[in-house]
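What follows is a set of notes on a single structure, which appears directly below.
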Amino acid sequence: MTKFKFSVGPWNVHEGADSYGPATRKTIPIEEKFKKFAELGFSAVQFHDDDAVPNINDYTEEEIKEKAREMKQKLDKYGLKAEFVAPRLWMDPHTQDGGFMSISQEDRDYAMWRAYRSIDIAHELGTDLIVLWLAREGTLCAESKSPVWATKMLIEAINKMLEYDPKIRVCIEPKPNEPIDRSICGTIGHVMAISAATIDPSRVGGNLESAHAILAGLDPAHEIGFALAMGKLMTVHLNDQNGIRYDQDKSFGVENLRAAFNQVKVLKENNYGSHGEYVGLDVKAMRTTRDEDSYKHLENSLNIFKALEEKVERFDYDFQKKCVENRDFESLEMYVMNLLMGLA
Ligand code: XLS
Ligand code: MG
């Protein structure tokens, strides 16, 4: 059984600003975050392209590679790997109407420039994985672009990335909405279809985020299972979400404990991680959290995951088998609830 390895992105430790209010915590330098990540037991760091190379627009391709090499030295200092690099295609003015699906050719070219630089940065950081969270890929006005055209533009963009580098793997992180109104690729099922439509489906897979599945009204463990069945779960973003509202990136398991148990169970039962995959977190502290508690949500998420992993290890599969044979799901459900309540 593979021992799980964990990853986290620097944006998980943030200043607390939201759409309705300013920061509530001080900025922590990225190297200080790496030190703490290593102390907490994380094995890898997730990056946006401009986490690795801030102000990326200001540099040439060679300068970007040089700055990525400098970032790699920082990772090495703390014994950390880079899990993936994600082009941040939602902040720059060129991405106001999306990147790959922007109506503007100039903006689409910019999005591809960032995608290619992400691949260059990934090489220097020692990873072959690119994550595409398609934040603004879709429509704010339904009639502004054809969903057929937009879907084909996404496939074309991924094909260009696959051609740019024969080894790179592209991992789409689906989300049904926010900040976009109608996403073009909103669930892991859409991701599997996009993968199959590319020039090399073996190099295109998915990153399932718990909260994004919940926002789509779906069960995260089943979404994970679907991608595992296709052999295309390249990573996960575990967190939690209090129903269908704004994306909350809550600590793993704090809202839906049984759903979290089933996410751990489906990962463990299917030997997730045996090909080097990481258990990635994508969690944010509450805005009210004080500076001195800036990492508590990460510790809580890791502790809940490990506590649930211990319950999966104790799961009585013989009892489950007996209940299923007798179609006694009431007893099976009560057993799971007792297990989670510490009564079994
Ligand atoms: C959305 C994404 C985002 C990161 C990775 O959930 O994971 O948090 O920016 O692209
Ligand atoms: Mg995420």
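Coordinate-derived values only; no laboratory data. Because the structure is a prediction, the values reported are computed rather than measured. Cβ atoms come from the backbone with ideal geometry, glycine included; neighbour counts cover every protein chain shown.
Compared with the dominant principal axis of the Cα atoms in the chain, helix 30-40 is inclined by about 20°.
In this simple spin-label approximation, Ser202 and Phe319 carry label points 7 Å from Cα along the Cα→Cβ vector, and these lie 4.4 nm apart. For segment 174-317, rounded, prolate or oblate, judged on the Cα gyration tensor with a ≥ b ≥ c (square roots of eigenvalues), a/c < 1.5 rounded, else prolate if a/b > b/c? Oblate shape, in that a/c is at least 1.5 and b/c is the bigger or equal ratio. Considering only beta bridges that DSSP places wholly inside segment 1-120, some 10 percent are antiparallel. Here the gap between Lys26 and Asn271, fully extended at 0.36 nm per residue and compared with their Cα-Cα distance, gives a gain of 84.3 nm. Shape class for segment 64-191: prolate, because the ratio a/c of the largest to smallest gyration tensor axis (alpha-carbon atoms, square roots of eigenvalues) is 1.5 or more and a/b beats b/c. Look at where the Cα atoms of segment 294-310 and of segment 224-246 average out, and the two centres are 18 Å apart. Placing unit charges on each Cβ (+1 for Lys and Arg, -1 for Asp and Glu) gives the chain a dipole about its Cα centre, and among Ala68, Gly225, Phe100 the Cα reaching farthest toward its positive end belongs to Gly225. Take the Cα of Lys77, step 7 Å toward its Cβ, do the same at Val312, and the gap between the two points is 3.5 nm. From the alpha carbon centroid of segment 12-58 to that of segment 81-136 is 18 Å.
Here Arg290 and Gln96 are evaluated by their C-beta separation; at R0 = 41 Å the FRET efficiency comes out at 0.75. Relative contact order of segment 1-143, taken over Cα pairs closer than 8 Å and 6 or more residues apart, is 23 percent. The alpha carbon gyration tensor of the chain gives principal lengths a ≥ b ≥ c with a/c of 1.5 or higher and a/b greater than b/c, which makes the shape prolate. Placing a label point 7 Å from the Cα of Ala17 along the Cα-to-Cβ line, the residues of segment 119-139 whose backbone N sits under 20 Å from it are 135-136. Remark: relative contact order (segment 65-182) = 29 percent; criterion is Cα-Cα distance under 8 angstrom and separation of 6 or more residues. With R₀ set to 22 Å, the beta-carbon distance separating Tyr246 from Asp181 gives a calculated FRET efficiency near 0.95.
In whole percent, what relative contact order does the chain give with Cα contacts below 8 Å and a gap of six or more residues?
Once divided by the residue count of the chain, the mean separation gives 15 percent.
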